[in-house]
Amino acid sequence: MGELNETQRYFIDEHIEDYMDGLISRRELLRRVTLISGSAALAGAIVAACGTPAPGGAGGAATQSAAPPAAGTAFVPQAYATPPAAPVPDGVTVKESDPRIAVSKPDVKGSDGASLMAYMAKPNTSARVPGIVVVHENRGQTEHIRDVVRRVATAGFIGVNIDLAARDGGAAKLTDQAAYNAALAKRTTDEKNSDHKATIAFLKGQSSGSVGVTGFCFGGGEVWSMLAGGADVKAAVPFYGPQPTNYADIAKTKGAVFAVYAELDVSITTTTQQMGEVLKAAGVPYKITIYPGVNHAFHNDTNAVGDRYNAEQARLAWVATVEWFRKYLL
């Protein structure tokens, strides 16, 4: 896939994983790869090299040993919202009318003046509290991501998300995921980091000035790219984020990093040693946890198909995320 950029390769790998897990057909895979790559010939070659899904999906994939989960597997109820006990198809666990929070759509603009389609939730308090940027998955600003922003607010932080394909209408307009991926893949790392920088600057003005960032899947990779680009954040929590090509530049970050990985997400989890080495070189507080028995996107509670969502590990990871931010942002 040498003709593709880093983002295109990542998106195509995710769709190939969906195909190998039996979630989409070979024809649908070909359609998606064609849209993302912009070349029917290249897409045909990529799909031809995929082979046939093994019976039972990816359950026979190789795994690496995982770090033990946090002490105690029983989930302790928290005052703030956490991932639900079962998948929620509509993506809503915290309603916009929840009395704990206030929701808005501020006009956050990029350096070129473009509206970034921001979505924000604040806790209902007069106190100045820290802020957290929530970076979306490869599907854009979905209801699930807006729900995560609202969960952030129930935990006492200001949460905000932007749609990185806002200039093309964002997820609201590009409802076909492959078309959305194709639009998003056109954007360079510098362009996306510029939008993240604008979001952080906006959030600093809305909050106590102490800002963190979290992101999921593609968004986890964006968190790594933000750190490599010197983003002005005090703490970061990437969820199963792919390693960027310039990951060595993360050594210049000043933010405390808690990296969440999934044991069965082999292609991404095998980078943990390198990421640990570069975080150690940065001299910042860091923790890397590989959650056992789960796969990529295990935190997304709308993933009912294929049993990817794991309520227990998602809750453990989210509680650990909130505690990390409370430790390093408050």
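The values are calculated or read from the model by the stated rules, or taken from the named source; none is laboratory data. Given the structure is predicted, the values throughout are model-derived calculations rather than measurements. For neighbour counting, all protein chains shown are included, and Cβ atoms are generated from backbone atoms with ideal geometry for every residue, glycine included. For the accessible areas, the whole protein counts, side chains as well, though only heavy atoms, and no ligand, DNA or RNA atoms are used. Shrake-Rupley method; radii C 1.70, N 1.55, O 1.52, S 1.80 Å.
Taking the Cα atoms of the chain, what is the range of coordinates along each of the three principal axes, in descending order and whole Å?
Principal extents (Cα only, largest first): 58, 48, 42 Å.
By per-residue mean of other Cβ atoms within 10 Å, what is the highest-first order of 108-120, 308-320?
So the order, starting with the most tightly packed, is 308-320, 108-120.
Roughly what % antiparallel, to the nearest 5, for the DSSP beta bridges in the range 90-249?
Among the beta bridges of the range 90-249, antiparallel pairing accounts for roughly 40 percent.
For residue 88, what residues show an amide H to amide H distance below 5 Å, using hydrogens built from the backbone and excluding near sequence neighbours?
The answer is 302.
May I ask you to derive the relative contact order of the range 72-147, considering only C-alpha pairs under 8 Å and at least 6 residues apart, and to give it as an integer percent? Write down the numbers at each step before the final one.
Working: 58 pairs, mean separation 21.5, N = 76.
Averaging sequence separation for qualifying contacts and normalising by length gives 28 percent for the range 72-147.
For the Cα atoms of the chain, what angle does the longest principal axis make with the long axis of helix 218-228, in degrees from 0 to 90, nearest 10?
Approximately 60 degrees, to the nearest ten.
So how much accessible area does residue 191 have, in Å² to the nearest 10, using a 1.4 Å probe?
80
Counting pairs of alpha carbon atoms under 8 Å apart in space and at least six apart in sequence, what relative contact order in percent does the chain give?
18 percent.
For the chain, give me the percentage of DSSP beta bridges that are antiparallel, rounded to the nearest 5 percent.
25
How compact is the range 122-202 by the rule of thumb for globular proteins, expressed as Cα Rg over 2.2 N^0.38 Å?
That ratio works out to 1.17.
Could you look at the chain and say what percent of its accessible area is carbon and sulfur, using a 1.4 Å probe and all protein chains?
Solvent-exposed carbon and sulfur of the chain make up 53 percent of the total.
Charges at C-beta only: +1 for Lys and Arg, -1 for Asp and Glu. How large is the resulting dipole of the range 230-330 about its Cα centre, in Debye rounded to 20? Could the numbers behind the result be given before it?
Details: 9 positive and 9 negative charges, 88 e Å.
Charge dipole, the range 230-330, about its Cα centre: 420 debye, nearest 20.
Could you let me know the centre-to-centre spacing of the range 252-269 and the range 103-140, using Cα atoms, in angstrom?
24
Under 8 Å for C-alpha pairs, at least 6 residues apart: give me the relative contact order for the range 204-291, rounded to a whole percent.
In percent, rounded to a whole number, it is 26.
Students often check this: by mean Cβ neighbours within 10 Å, which of 142-153, 265-276 ranks highest, and how do the rest follow?
Details: 142-153: 23.9, 265-276: 16.6.
In decreasing order of mean packing, 142-153, 265-276 become 142-153, 265-276.
Would you please classify the overall shape of the range 177-330 from the alpha carbon gyration tensor, given that a ≥ b ≥ c denote the square roots of the eigenvalues, rounded means a/c under 1.5, and beyond that prolate means a/b larger than b/c while oblate covers the rest? Walk me through the numbers on the way to the answer.
Working: a/c = 1.37, a/b = 1.20, b/c = 1.14.
Judged from the Cα gyration tensor, the range 177-330 comes out rounded (a/c under 1.5).
Can you give the calculated 222 nm mean residue ellipticity of the chain, where each DSSP H run of n ≥ 4 adds -39,500 (n - 2.57) and the sum is split over every residue, rounded to the nearest 500 deg cm²/dmol?
Details: 11 runs with 124 residues, N = 330.
-11500 deg cm²/dmol, from helical runs alone.
Long-range amide H contacts for residue 102: which residues qualify at under 5 Å (H placed 1.01 Å from N, peptide plane, sequence gap of 5 or more or a different chain)?
It is 122, 124, by chain and number.
So, R0 is 35 Å and r is the distance between the beta-carbons of residue 126 and residue 245; what FRET efficiency does that work out to, to 0.05? Can you show the working numbers first?
Numbers: r = 45 Å, r/R0 = 1.27.
It comes out at approximately 0.20.
For residue 288, which sequence-distant residues (separation of 5 or more, or a different chain) have an amide H within less than 5 Å of its own amide H, given hydrogens modelled in the peptide plane?
When sequence neighbours closer than 5 places are left aside, the close amide H contacts are 259.
Each residue of the range 22-29 in order: what ³J(HN,Hα) in whole Hz does its phi give by Karplus 6.51 cos²θ - 1.76 cosθ + 1.60, θ = phi - 60°, with x for Gly and Pro?
So the J values, rounded to whole Hz, are x, 7, 9, 7, 5, 5, 5, 4.
Working with all protein chains in place, sort 222, 323, 277 by solvent-accessible area computed with a 1.4 Å probe, largest first.
I get 277, 323, 222, largest accessible area first.
Would you kindly derive the ³J(HN,Hα) couplings of the range 106-118 from the backbone phi angles with the Karplus curve 6.51 cos²θ - 1.76 cosθ + 1.60 (θ = phi - 60°), listing them in order in whole Hz, with x for Gly and Pro?
x, 8, 7, 10, x, 5, 8, x, 6, 6, 9, 6, 5
Just order 122-132, 87-97 by mean Cβ neighbour count inside 10 Å, highest at the front, would you?
122-132, 87-97
In whole Å, largest first, what are the principal axis extents of the Cα atoms in the range 85-224?
For the range 85-224, the Cα extents along the three principal axes come out at 40, 36, 25 Å.
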